[in-house]
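Colleague: Quick one: structure below, then a few questions.
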């Protein structure tokens with residue numbers, strides 16, 4: 001039997017993890033705006049670290065894009081808890097809630113930055129072919145679109161998320177038939193096979209794996225479902241997957257994969273396993289004192305960023321590049337050198353985060369409210 005109190009309990013840990021993830025992704029994109037590159041290159045099978053010393057210091061930031069993996073694990077966790085909390089097992093209700101939770105703010109951001117403002121992200125639409133990338137984003141299939149437009153690139157994750165939601169009923173069917181452990185093994189084999197294939201392709205050709213392969217929902221299915229499996233165990237007060245696993249093991253695997261080319265596509269998977277391990281250990285009480293050494297003010301800032309993380313994620317990329325374009329026009333030349341300009345881009349966080357908070361309050365929350373009213377009318381009609 002599921003523990004209803006646990007299903008309804010708000011888990012602060014997830015807010016902090018979301019905050020860490022969105023801050024990391026923001027810093028990663030600041031690298032692109034200031035240095036023109038976001039990662040170290042390769043020299044044969046290994047990373048090429050023969051770069052200026054100041055960029056070498058930013059190596060941890062080059063890994064911060066993996067905050068997306070944290071979001072995916074948390075997404076799987078929250079989706080399962082939400083579905084279990086509802087108790088109706090009605091997928092019409094599930095998909096309706098997901099739609100109003102995610103699509104209205106996504107649509108607003110997509111159309112505003114692509115069609116209205118700022119000029120650094122606005123699309124030029126002169127022919128039918130110019131509309132194809134926009135249409136693919138409207139339909140949430142841009143991860144299959146080779147033309148993948150540059151107005152707001154991080155939105156590719158929204159397509160994958162939506163497709164993982166579509167796979168959620170199939171996941172539950174597999175679990176009922178085979179149990180969680182067997183299902184996770186199957187999904188792990190699928191994800192590992194795809195990531196190994198992408199790594200082989202990357203190593204042999206020197207080119208990144210094609211978009212239609214590396215952004216398939218199956219490429220992330222285990223990572224996402226891991227969160228759901230942990231949520232199921234948590235809701236039933238059972239031992240959680242990877243509860244006894246080693247965080248140092250997965251952290252070490254991330255570092256190794258980040259510097260060895262054939263394993264580079266496994267970084268996402270290892271961060272997912274690290275995230276799942278942290279969640280399982282904290283919820284089981286193993287990390288009960290993990291917050292004691294962190295300043296309270298910083299904790300609250302990270303938590304707030306986590307609460308607003310979806311809104312910040314949607315808006316941050318175009319704003320970083322818009323603010324950086326203004327900075328290059330008005331700042332003295334020395335401040336436009338990459339190290340200084342990176343610091344300036346990072347300071348834009350204190351503009352972007354409040355904008356995200358406003359967007360969360362007046363757009364994201366509005367979508368949730370509309371979803372509730374829509375569901376109430378549907379229930380009354382029946």
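Colleague: Which three extents, in angstrom, do the Cα atoms of the stretch 286-372 have along their principal axes, listed largest first?
Modeller: 48, 40, 18
Colleague: Give the whole-number value, in cubic angstrom per residue, of the convex hull volume spanned by the C-alpha atoms of the stretch 225-382.
Modeller: Residue-normalised Cα hull volume stands at 208 Å³.
Colleague: In a GNM of the chain with a 10 Å cut-off on Cα contacts, which of 295, 262, 181 has the highest mean-square fluctuation?
Modeller: Per the Cα network of the chain with a 10 Å cutoff, 295 tops the list.
Colleague: Percent relative contact order of the chain, based on C-alpha pairs within less than 8 angstrom and at least six residues apart?
Modeller: Over the chain, the number comes to 30 percent.
Colleague: Would you kindly state how much longer the chain becomes between residue 141 and residue 46 on full extension, computed as 0.36 nm times their sequence separation minus their alpha carbon distance, in nm to one decimal?
Modeller: 30.9 nm
Colleague: Where does the stretch 335-382 land on Rg/Rh, using Cα atoms and the Kirkwood Rh?
Modeller: 1.45
Colleague: Go ahead and run the numbers for FRET between residue 325 and residue 177, Cβ-Cβ distance against an R0 of 56 Å, rounding to 0.05.
Modeller: Given R0 = 56 Å and the Cβ-Cβ separation, E is 0.55.
Colleague: Go ahead and run the numbers for FRET between residue 123 and residue 200, Cβ-Cβ distance against an R0 of 41 Å, rounding to 0.05. All intermediate terms of the calculation are to be shown ahead of the outcome.
Modeller: On the way: r = 35 Å, r/R0 = 0.86.
For residue 123 and residue 200, the calculated efficiency is 0.70.
Colleague: Moving on. Working out 0.36 nm times the residue gap between residue 293 and residue 343, then minus their Cα-Cα distance, what length gain in nm do you get to one decimal?
Modeller: 15.4 nm
Colleague: 222 nm [θ] for the chain, helices only, -39500 (n - 2.57) per DSSP H run of 4+, per residue, to 500?
Modeller: Numbers: 18 runs with 260 residues, N = 382.
Result for the chain, helices only: -22000 deg cm²/dmol.
Colleague: At a Förster distance of 56 Å, what's the computed FRET efficiency of residue 376 paired with residue 301, Cβ-Cβ distance as r, to 0.05?
Modeller: 0.95
Colleague: Where does each of 364, 39, 191 land when they are ranked from fewest to most other beta-carbon atoms within 10 angstrom?
Modeller: Lowest count first: 39, 364, 191.
Colleague: Go ahead and set up a Gaussian network model of the chain, Cα springs under 10 Å, then flag whichever of 114, 196, 333 fluctuates most.
Modeller: Of 114, 196, 333, the Gaussian network model singles out 333 as fluctuating most.
Colleague: So what are the radius of gyration and Dmax for the Cα set of the stretch 69-174, in Å?
Modeller: Over the stretch 69-174's Cα set, Rg and Dmax evaluate to 15.9, 49 Å.
Colleague: Hey, if you drop one equal point scatterer on each alpha-carbon of the stretch 1-158 and run the Debye formula without solvent, what base-10 log of I(q)/I(0) do you get at q = 0.11, 0.12, 0.16 Å⁻¹?
Modeller: Treating every Cα as an identical point scatterer, log10 I(q)/I(0) equals -0.65, -0.76, -1.11.
Colleague: GNM on the chain, C-alpha springs below 10 Å: top fluctuator among 234, 35, 362?
Modeller: Fluctuation is largest for 362.
Each value in this text was obtained by applying a stated rule to the coordinates, not by laboratory testing. Worth saying up front: this structure is predicted, and the values here are computed from it rather than measured. Quick reminder, even Gly has a Cβ in these numbers, built from the backbone with ideal geometry, and neighbours come from all protein chains shown.
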